[in-house]
1. Counting just the residues of segment 166-213 that are of a type in the set (Val, Ile, Thr) and open to solvent by 30 Å² or more (accessible area, probe 1.4 Å), which one comes out modelled with the highest pLDDT?
2. Could you check ASN84 against (1) part of a loop (DSSP other than H, G, I, E, B); (2) in contact with an Asp or Glu (Cβ under 9 Å, 6 or more places away or on another chain) and say which number it fails?
3. If you take the residues of segment 91-147 that are among the aromatic types (Phe, Trp, Tyr), in a strand (DSSP E or B) and in contact (Cβ under 8 Å) with a residue 40 or more places away in the chain, which of them is surrounded by the most Cβ atoms within 10 Å (Cβ to Cβ)?
4. Among the candidates ASP28, ASP55, which residue alone is open to solvent by less than 80 Å² (accessible area, probe 1.4 Å) and either of a type outside the set (Val, Ile, Thr) or at pLDDT below 90 (or both)?
Amino acid sequence: PIISSTSDLTFNTFAWSIWGTDNVHPSDIYFTQNRLGLICNTKNFGSWNAMSVSDKLFDFSTEQYGQQLDTSAIVHVITNNPDNKINWVLSYNSLYMGSYTNEFNVSAANDVFTPTSLICNSLSSLGGAAVVPLKYKELNLFVGSSRDEVYSIGYDYTIDVYVPKSIGYITNHLLSQGISRLISVNNKDQNVYILHDTGRLSVLNYVGEQSVLGYSEIEANEPIIDMCATSS
(Lines give C-alpha, C1' and ligand atoms only; values in the text may rest on other atoms or scores of the structure.)
Protein backbone atom coordinates (compact mmCIF):
# COMPACT_ATOMS: atom_id res chain seq x y z
CA PRO A 1 0.00 0.00 0.00
CA ILE A 2 0.98 3.63 -0.50
CA ILE A 3 0.83 5.92 2.50
CA SER A 4 -0.47 9.39 1.75
CA SER A 5 -1.02 12.38 3.99
CA THR A 6 -4.24 13.22 2.18
CA SER A 7 -5.99 9.88 1.72
CA ASP A 8 -7.02 7.06 4.03
CA LEU A 9 -5.65 3.56 3.79
CA THR A 10 -8.27 0.91 3.11
CA PHE A 11 -7.88 -2.26 5.16
CA ASN A 12 -10.31 -5.03 5.99
CA THR A 13 -10.20 -4.44 9.73
CA PHE A 14 -8.39 -2.24 12.21
CA ALA A 15 -7.53 -2.63 15.83
CA TRP A 16 -9.10 0.39 17.55
CA SER A 17 -5.98 1.02 19.65
CA ILE A 18 -3.87 1.78 16.56
CA TRP A 19 -5.71 5.04 16.11
CA GLY A 20 -7.22 5.85 19.49
CA THR A 21 -9.20 9.07 19.10
CA ASP A 22 -6.52 10.95 17.15
CA ASN A 23 -7.63 9.92 13.65
CA VAL A 24 -4.04 10.12 12.41
CA HIS A 25 -2.24 8.33 9.59
CA PRO A 26 0.59 5.79 9.78
CA SER A 27 4.02 7.42 9.76
CA ASP A 28 6.10 4.43 8.62
CA ILE A 29 5.62 0.98 7.16
CA TYR A 30 7.66 -2.24 7.10
CA PHE A 31 7.37 -5.98 6.52
CA THR A 32 8.53 -8.72 8.88
CA GLN A 33 7.73 -12.40 9.46
CA ASN A 34 4.77 -12.42 7.03
CA ARG A 35 3.27 -9.40 8.79
CA LEU A 36 2.75 -5.86 7.53
CA GLY A 37 3.85 -3.36 10.17
CA LEU A 38 2.69 0.20 10.73
CA ILE A 39 4.03 2.89 13.04
CA CYS A 40 1.49 5.44 14.26
CA ASN A 41 2.70 8.57 16.06
CA THR A 42 -0.36 9.89 17.85
CA LYS A 43 -0.94 13.39 19.19
CA ASN A 44 -1.86 12.32 22.70
CA PHE A 45 -0.96 8.65 23.19
CA GLY A 46 2.64 8.25 22.07
CA SER A 47 3.90 5.93 19.31
CA TRP A 48 2.19 2.63 18.55
CA ASN A 49 3.40 -0.35 16.54
CA ALA A 50 0.87 -2.53 14.76
CA MET A 51 1.57 -5.81 12.94
CA SER A 52 -1.06 -7.40 10.75
CA VAL A 53 -2.45 -10.90 11.07
CA SER A 54 0.21 -13.34 9.88
CA ASP A 55 -0.13 -13.94 6.10
CA LYS A 56 -3.05 -11.44 5.94
CA LEU A 57 -1.30 -8.15 5.34
CA PHE A 58 -4.42 -5.97 5.39
CA ASP A 59 -6.09 -7.49 8.45
CA PHE A 60 -5.31 -5.80 11.77
CA SER A 61 -7.91 -7.54 13.92
CA THR A 62 -6.44 -8.48 17.30
CA GLU A 63 -8.81 -11.40 17.67
CA GLN A 64 -9.45 -14.25 15.23
CA TYR A 65 -12.51 -16.43 15.58
CA GLY A 66 -13.34 -14.64 18.83
CA GLN A 67 -10.00 -15.27 20.52
CA GLN A 68 -6.40 -14.11 20.42
CA LEU A 69 -4.18 -16.54 18.49
CA ASP A 70 -0.45 -16.58 17.79
CA THR A 71 -1.30 -15.45 14.25
CA SER A 72 -3.53 -12.56 15.41
CA ALA A 73 -2.53 -8.96 14.79
CA ILE A 74 -0.17 -7.37 17.30
CA VAL A 75 -0.69 -3.85 18.64
CA HIS A 76 1.54 -2.35 21.32
CA VAL A 77 2.94 0.99 22.46
CA ILE A 78 6.62 1.73 21.83
CA THR A 79 6.83 5.03 23.68
CA ASN A 80 4.01 6.74 25.54
CA ASN A 81 5.57 10.17 25.16
CA PRO A 82 3.78 11.96 22.26
CA ASP A 83 6.77 14.32 21.83
CA ASN A 84 9.21 11.41 21.36
CA LYS A 85 8.04 10.23 17.95
CA ILE A 86 9.39 7.19 16.11
CA ASN A 87 11.44 8.46 13.14
CA TRP A 88 12.39 5.18 11.45
CA VAL A 89 12.05 1.40 11.51
CA LEU A 90 14.69 -1.09 10.40
CA SER A 91 13.33 -4.60 9.87
CA TYR A 92 15.67 -7.57 10.04
CA ASN A 93 15.66 -10.64 12.31
CA SER A 94 14.24 -8.29 14.90
CA LEU A 95 13.00 -4.71 14.63
CA TYR A 96 14.99 -1.58 15.43
CA MET A 97 13.15 1.70 15.87
CA GLY A 98 14.57 5.19 16.39
CA SER A 99 12.83 8.03 18.18
CA TYR A 100 14.10 11.51 18.95
CA THR A 101 15.72 10.38 22.20
CA ASN A 102 15.91 6.57 22.11
CA GLU A 103 16.47 3.50 19.98
CA PHE A 104 14.28 0.49 20.62
CA ASN A 105 14.66 -3.18 19.81
CA VAL A 106 11.53 -5.28 19.30
CA SER A 107 12.17 -9.01 19.43
CA ALA A 108 10.51 -12.22 20.56
CA ALA A 109 11.63 -14.80 23.08
CA ASN A 110 11.14 -17.61 20.56
CA ASP A 111 12.16 -15.49 17.51
CA VAL A 112 8.57 -15.55 16.25
CA PHE A 113 6.39 -12.47 16.74
CA THR A 114 3.13 -13.32 18.52
CA PRO A 115 0.82 -11.20 20.71
CA THR A 116 2.31 -12.81 23.84
CA SER A 117 5.98 -13.24 22.88
CA LEU A 118 6.86 -9.66 21.94
CA ILE A 119 9.66 -7.96 23.88
CA CYS A 120 10.43 -4.23 23.50
CA ASN A 121 13.65 -2.86 25.03
CA SER A 122 15.31 0.55 24.87
CA LEU A 123 18.83 0.09 23.50
CA SER A 124 20.13 3.51 24.43
CA SER A 125 19.23 7.17 24.80
CA LEU A 126 21.37 8.34 21.85
CA GLY A 127 18.36 9.34 19.78
CA GLY A 128 17.66 8.82 16.09
CA ALA A 129 17.32 11.52 13.43
CA ALA A 130 14.76 11.28 10.65
CA VAL A 131 17.37 9.72 8.34
CA VAL A 132 16.63 6.27 6.88
CA PRO A 133 18.90 3.74 8.62
CA LEU A 134 21.05 1.26 6.75
CA LYS A 135 21.44 -2.50 7.08
CA TYR A 136 25.08 -3.09 6.18
CA LYS A 137 26.38 -6.67 6.46
CA GLU A 138 26.00 -7.59 10.13
CA LEU A 139 25.54 -3.98 11.23
CA ASN A 140 22.56 -1.68 11.59
CA LEU A 141 23.74 1.88 10.96
CA PHE A 142 21.70 4.90 12.03
CA VAL A 143 22.21 8.64 12.43
CA GLY A 144 21.88 10.14 15.90
CA SER A 145 19.38 12.87 16.66
CA SER A 146 22.13 15.49 16.45
CA ARG A 147 22.58 14.51 12.77
CA ASP A 148 26.37 14.66 13.09
CA GLU A 149 27.06 11.13 14.33
CA VAL A 150 26.67 7.60 12.96
CA TYR A 151 26.06 4.69 15.29
CA SER A 152 26.28 1.00 14.52
CA ILE A 153 24.13 -1.55 16.28
CA GLY A 154 26.14 -4.75 16.23
CA TYR A 155 26.40 -7.93 18.25
CA ASP A 156 28.68 -7.73 21.29
CA TYR A 157 29.93 -11.24 22.04
CA THR A 158 31.20 -10.28 25.50
CA ILE A 159 27.73 -9.48 26.84
CA ASP A 160 25.60 -11.43 24.32
CA VAL A 161 23.44 -8.51 23.17
CA TYR A 162 23.16 -6.04 20.30
CA VAL A 163 24.42 -2.61 21.34
CA PRO A 164 24.90 0.77 19.60
CA LYS A 165 28.44 2.06 19.18
CA SER A 166 29.64 5.38 17.84
CA ILE A 167 31.99 5.44 14.86
CA GLY A 168 32.71 9.14 15.33
CA TYR A 169 36.09 8.58 16.92
CA ILE A 170 37.63 8.36 13.45
CA THR A 171 35.26 10.56 11.47
CA ASN A 172 34.65 13.72 13.49
CA HIS A 173 35.80 15.98 10.68
CA LEU A 174 33.37 14.47 8.18
CA LEU A 175 30.36 13.99 10.41
CA SER A 176 30.41 17.57 11.67
CA GLN A 177 28.90 18.52 8.28
CA GLY A 178 25.59 16.88 9.20
CA ILE A 179 24.09 13.75 7.60
CA SER A 180 21.02 13.41 5.40
CA ARG A 181 21.45 9.91 3.88
CA LEU A 182 23.33 6.61 4.32
CA ILE A 183 23.80 4.21 1.38
CA SER A 184 25.83 1.12 0.50
CA VAL A 185 26.08 -0.18 -3.07
CA ASN A 186 25.79 -3.79 -1.96
CA ASN A 187 26.81 -5.98 0.94
CA LYS A 188 29.90 -7.24 -0.91
CA ASP A 189 31.35 -3.75 -0.92
CA GLN A 190 33.33 -2.38 2.01
CA ASN A 191 32.09 1.17 1.57
CA VAL A 192 29.27 3.11 3.19
CA TYR A 193 28.48 6.41 1.48
CA ILE A 194 27.32 9.41 3.53
CA LEU A 195 25.56 12.41 2.03
CA HIS A 196 26.03 15.48 4.20
CA ASP A 197 23.78 18.44 4.78
CA THR A 198 26.45 20.56 3.11
CA GLY A 199 26.02 18.68 -0.20
CA ARG A 200 29.34 16.85 0.17
CA LEU A 201 29.75 13.08 -0.14
CA SER A 202 32.08 10.98 1.98
CA VAL A 203 32.91 7.28 2.22
CA LEU A 204 33.54 5.04 5.21
CA ASN A 205 35.64 1.93 4.60
CA TYR A 206 34.62 -0.99 6.79
CA VAL A 207 36.57 -4.15 7.59
CA GLY A 208 35.13 -7.03 9.57
CA GLU A 209 32.81 -6.56 12.53
CA GLN A 210 32.51 -2.91 13.56
CA SER A 211 35.95 -1.72 12.51
CA VAL A 212 36.29 1.37 10.36
CA LEU A 213 39.46 1.21 8.27
CA GLY A 214 39.33 4.81 7.08
CA TYR A 215 37.34 7.47 5.36
CA SER A 216 37.60 9.79 2.41
CA GLU A 217 35.70 12.58 0.68
CA ILE A 218 34.48 12.46 -2.91
CA GLU A 219 35.11 15.66 -4.81
CA ALA A 220 32.23 17.08 -6.85
CA ASN A 221 31.99 20.31 -8.79
CA GLU A 222 28.60 21.17 -7.30
CA PRO A 223 26.75 20.32 -4.07
CA ILE A 224 24.98 16.95 -4.22
CA ILE A 225 21.23 17.15 -3.59
CA ASP A 226 20.47 13.42 -3.26
CA MET A 227 21.73 10.01 -4.32
CA CYS A 228 20.74 6.37 -4.75
CA ALA A 229 22.66 3.12 -5.13
CA THR A 230 22.30 0.27 -7.62
CA SER A 231 24.21 -2.96 -8.04
CA SER A 232 24.78 -5.01 -11.16
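The values are calculated or read from the model by the stated rules, or taken from the named source; none is laboratory data. Please read all numbers here as calculations on a predicted model, not as lab measurements. Positions of Cβ are backbone-derived with ideal geometry, glycine not excepted, and every protein chain shown enters the neighbour counts. Each accessible area value is taken on the protein alone, full model and side chains, heavy atoms only, with ligands, DNA and RNA left out. Shrake-Rupley method; radii C 1.70, N 1.55, O 1.52, S 1.80 Å.
1. Checking each candidate, the answer is THR198.
2. Result: ASN84 fails condition (2) only.
3. Out of the qualifying residues, it is PHE142.
4. Values: ASP55 fails: open to solvent by less than 80 Å² (accessible area, probe 1.4 Å).
Answer to the check: ASP28.
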